[in-house]
Amino acid sequence: MNPVRGGACAAPTAAIVVDNIGLLCTMDGGAPYGLGMVAQACVHTVGDRIAYAGPANTAPPPPPHAMMIDAHGCCALPGLVDCHTHLPFIGTRADEFARRARGESYAAIMAAGGGIRSTTTAVRDASAEELVAATTTWMQQMLTRGVTTVEMKTGYGLRLQDERKQLLAIATLADAGPIAIAPTWMGAHAVPFEFDGDPDGYINHLVTVLPAIVELGVATSCDVFIERGAFSVEQARRLLLSARSHGLQLKVHAEQLSHTGAAKFAADIGAVAAGHLEFISEDDALALANANVVCEVLSTAQVFLRGQRAIPGRMLGDAGCKLAVASDFNPGTAMSADLLLAAGLAVTQCGLTADEALLGITAHGAAAIGCHDRGRVIAGMRADLLILTSPSPYDLVYQWGTSHTDRVIIGGVVVHERD
Ligand code: NIG
Ligand code: FE
């Protein structure tokens, strides 16, 4: 199953030639540092695919009638992939942010009925159209930063009709384009009011509704929040094995607030990705590396929650884990849609190299959603390209709080140009 839906809204331009690229980062694992840098490069697209990416002096002649784009000696790289968000949501939790700043913990607020369940009330009260409208605004921000594929999860509806509503909103957004979406079902995000104190009963219920969720034909992955106060490894196993038997990829929120064994479990069950990992051990990291589970470094959440424990990105990288970086965009723990901020924080707060962070928002971000036709600029891949206003890719993680985008191409269509 293709884990991604939509992307670009018009028929692709027949052919595009992006010329005069000072530095192309193919992200194909080549030197230096895996970024696959090519100086004085050009890229040809034909339809929604890349036809040529490499040195300008060995490029084939431009296809006739190709749209010509001058990159003015700046850098080009794959369109960015935000592999972990909690869109679509609605409403604000600014009051909780203020309470946490006065000393209350995220876990205590959640145990008292706030947190995720407070956004559940807002999402249940909203219509699908309202969810779409709110999310469209955020996606426009993402596009200006160069995001071309975004993962979105349910998990604020928690009732079949509201989880469905979130999935249908995701489908509407994907079909409208231009950003492609990897849709994830996360019914096991929190225990809803109806099942208060009965996580086992809720997991049984989720196993029962799973076929109806799959039948909608939107979700391609299933995620579970494994944490004290949310779900145990055993409860997650029950749901995820069932999800896999229905053809869904598996993802896990692991070791965010305490050590529960979720990372080892993600390795055992063969999840495509595990996110957060503040409390992961070295043994767990080796297990994830051996099982080829992509580790999602969700740096914004760590900093937003004023985490006592930093995500040990350096340890994960040294253990051989593939590192993705994502915004984790949600109203509770990461109220920022800015993937570039997450990448900058992954470097300064979690010990990633700038190169790892750049791979984390491109090639490894794509791997975290199980999608292998994007995230690198090589012939045959989807024509998703980000052309910068800067000659250096490192400006993306170094120069914060601004867009470095000149143009964004999705599926062979120029979908955004700098004003
Ligand atoms: O990834 N930890 C679980 N889920 C989200 C937070 C969701 C919320 O607080 O609304 C996260 O941090
Ligand atoms: Fe998350």
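Structural remarks
- Some residue of region 300-311 being closer than 27 Å to Glu96 by Cβ and without any contact (Cβ under 8 Å) to a residue 24 or more places away in the chain: yes
- Residues of region 286-304 that are in a loop (DSSP other than H, G, I, E, B) and buried (at least 20 other Cβ atoms within 10 Å of the Cβ): Val293, Leu298.
- Index of the failed condition, Gln349 passing every other in (1) touching a residue at least 40 places away in the same chain (Cβ under 8 Å); (2) within 16 Å of ligand 2 (Cβ to nearest atom): (2)
- Scanning region 286-310 for residues that are among the aliphatic types (A, V, I, L, M), in contact with a strand residue (DSSP E or B) (Cβ under 7 Å, 6 or more places away or on another chain) and within 12 Å of ligand 1 (Cβ to nearest atom) gives Leu298, Ala301.
- Residues that are among the charged types (D, E, K, R) and either over 18 Å from Gly79 (Cβ atoms) or in a strand (DSSP E or B) (or both), drawn from region 1-51: Arg5, Asp19, Arg49
- Any chance Cys74 is more than 16 Å from ligand 2 (Cβ to nearest atom), within 21 Å of Leu339 (Cβ to Cβ) and modelled with pLDDT of 95 or more: yes
- Residue check, Ala342 in a loop (DSSP other than H, G, I, E, B) and within 16 Å of ligand 1 (Cβ to nearest atom): no
- Identification of helices (runs of 4 or more DSSP H) wholly contained in region 354-411 with 3 or more residues that are under 25 Å from Val4 (Cα atoms) yields 354-360, 363-368.
- Helices (runs of 4 or more DSSP H) lying entirely in region 175-285 (those with 3 or more residues that are away from ligand 1 (no atom under 16 Å from the Cβ) and either of a type in the set (D, E, K, R) or in contact with a Ser or Thr (Cβ under 6 Å, 6 or more places away or on another chain) (or both)): 199-215, 233-245
- Options Ala285, Ala254, Ala273, Ala266; residue that is within 20 Å of the chain's Cα centre (by Cα), small (Gly, Ala, Ser) and more than 16 Å from Gly155 (Cβ to Cβ): Ala266
- Subset tally (residues that are within 16 Å of ligand 2 (Cβ to nearest atom), outside any loop (DSSP other than H, G, I, E, B), hydrophobic (A, V, I, L, M, F, W, C) and in contact with a Phe, Trp or Tyr (Cβ under 9 Å, 6 or more places away or on another chain)) for region 77-126: 2
The values are calculated or read from the model by the stated rules, or taken from the named source; none is laboratory data. Here the structure is a predicted model, which means the values were calculated and not measured. Cβ atoms come from the backbone with ideal geometry, glycine included; neighbour counts cover every protein chain shown.
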